[in-house]
Each structure stands twice: as structure tokens, then as C-alpha cells.
Amino acid sequence: MTDVPRVTTRVLAGVWPACTGALAVLCAGLGDGAWARRSAIAWMMGSWGARLTAQALYARGIEPPLPVPASFVTLPISALFFSLPALIATRNLDPSLSSVEIAASLLWMVAFAAETTADRQRIRFAAKPEHAGLICRSGIWRVLPHAHAVCEALIWTAFALFAFASPWGWIAVACPVAMTYVQLRSIVNQSGVT
């Protein structure tokens, strides 16, 4: 029996979104669909992955915002699964973006900005020594106690909606369902509810 390599949570938390975003960009580069669609999904998923990777690797004093794959064995499987919206969308040959794809892009912009803002607020809150051990309840966190999880679910809904306009796009709905499930399990585990 071989040992599964173990690394720190912070590294895995940074590698997973990087791999998922990179696979999305690779799908866009190799896809044979319309250029505008390939560019849009590559930009959305690539910037999502880059932002979360930078945050996981460089933000100190806070837990990683996403649940982390348990090992380097589950990481590629997870990255492949969550890159499905890009794989599906980049195969669509229709030359123009549909109203669903435009709406999905707008939803992504709002959710991405909200998630970035919420994470910056949480990092700033955690950096103050007087807040050690306290839960952030300022800014977006005052209205949404689990702001990152809500924004993450909206981002993945936007990815799935974007892919939904393509043939076989309904398959991408599995991604936001899985992400929401994983986020909810993480919240329940952190709160101690059984």
C-alpha cells in the first residue's frame, strides 16, 4: 500500500482553485467553440482560481475560504469535475452569446465582487490583535454571516448557467450543487452541529 502525500492545508487550499482555473483556461484554449464564449468562461473561472490561490497562499491568520481536498489524490478529480462548466461551454459553436450567458456573466461579476469584498473585510478584521478568536460581523459579514459561502454558491451558479446555454449544459448544474453541499457541510462541521 502506498502512502498518500500529505501537505499543509494552506497549500492544498491554494492548489485546488489554481488547478480548476488552469483547466478552465486550458479548455478555452483548446476548445473549438466561439471565441467570445471561450474567452468569457476562461476569464471568469481563471480569475476566480487566481484570486483564491493568492488568498490561500498569502493571507495569514484566517482559515482557507473553501473546503480543501483531503489529498493530492482527490485534488485532480475535484479539479476535473469543477472544470466541467468550461469544458461544456467551450464546445459550443454558436457564434453569439445568448441572453442566459450574458445574465450568467453579470451574476458572476456581482458575486465575484461581493466575495472579494467579503474576503478582504474578513482578512482586515482578522489582522487586528484585539479580534483574535472573534467572528467577523462587520461589513458584508453583518448581513451574511457566511458571506463567502453564499458568494461562492452564486459564482458556481453563474458558471453553471453560462454552460447551461450550451449543448449538454445541464450537466454543469452538478457543480454548484456539489459546491453548495460541500460549503454547507463545512459550515455545519465548524459550528459543531451534528
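What is the chain's relative contact order, in percent, from Cα pairs under 8 angstrom and six or more apart in sequence? Present the calculation step by step, with values, prior to reporting the outcome.
Numbers: 277 pairs, mean separation 47.3, N = 194.
RCO, the chain: 24 percent.
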Notebook entry, point to check: Given W108, I135, A153, which one lies farthest toward the positive end of the charge dipole of the stretch 102-153, if we put +1 on the Cβ of every Lys and Arg and -1 on the Cβ of every Asp and Glu?
Noted result: I135
Item checked: Stretch gain in nm, segment Y58-V177, where the contour uses 0.36 nm per residue and the Cα spacing is subtracted -> 40.0 nm
Note to self: What does the extension gain come out to for L26 and A103, with contour length at 0.36 nm per residue minus their alpha carbon separation?
What the structure shows: 25.3 nm
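Where Lys and Arg each count +1 and Asp and Glu each count -1, what net charge lies around A40 among other residues with Cβ under 15 Å from its Cβ?
Working: positive: R37, R38, R91; negative: D94, E101.
In short, +1.
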Check: Which angle from 0 to 90°, rounded to the nearest 10, does the C-alpha axis of helix 99-126 make with the longest principal axis of the chain?
Finding: 20 degrees
Item checked: Debye, to nearest 20: dipole size of the stretch 9-191, +1 on Lys, Arg Cβ, -1 on Asp, Glu Cβ -> 480 debye
Next item on the list: Taking the chain as the reference, fit the longest principal axis to its C-alpha atoms, fit the long axis of helix 174-191 to the helix C-alpha atoms, and give the angle between the two in degrees, 0 to 90, nearest 10.
Entry: 0 degrees
Next item on the list: Give, in nm to one decimal, the length gained when the segment between S47 and F81 is fully stretched (0.36 nm per residue of separation minus the Cα-Cα distance).
Entry: 10.4 nm
Notebook entry, point to check: What ranking do 125-134, 92-101 get when scored by the average of other Cβ atoms within 10 Å per residue, highest first?
Noted result: 92-101, 125-134
Item checked: Base-10 log of normalised Debye intensity for the chain (one unit scatterer per alpha-carbon) at q = 0.12, 0.19 Å⁻¹ -> -0.60, -1.32
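Quick note: the coordinates plus some simple rules give every number you see, no bench work behind them. Bear in mind the structure is a predicted one, so any value in this text is a computation, not a measurement. Quick reminder, even Gly has a Cβ in these numbers, built from the backbone with ideal geometry, and neighbours come from all protein chains shown.
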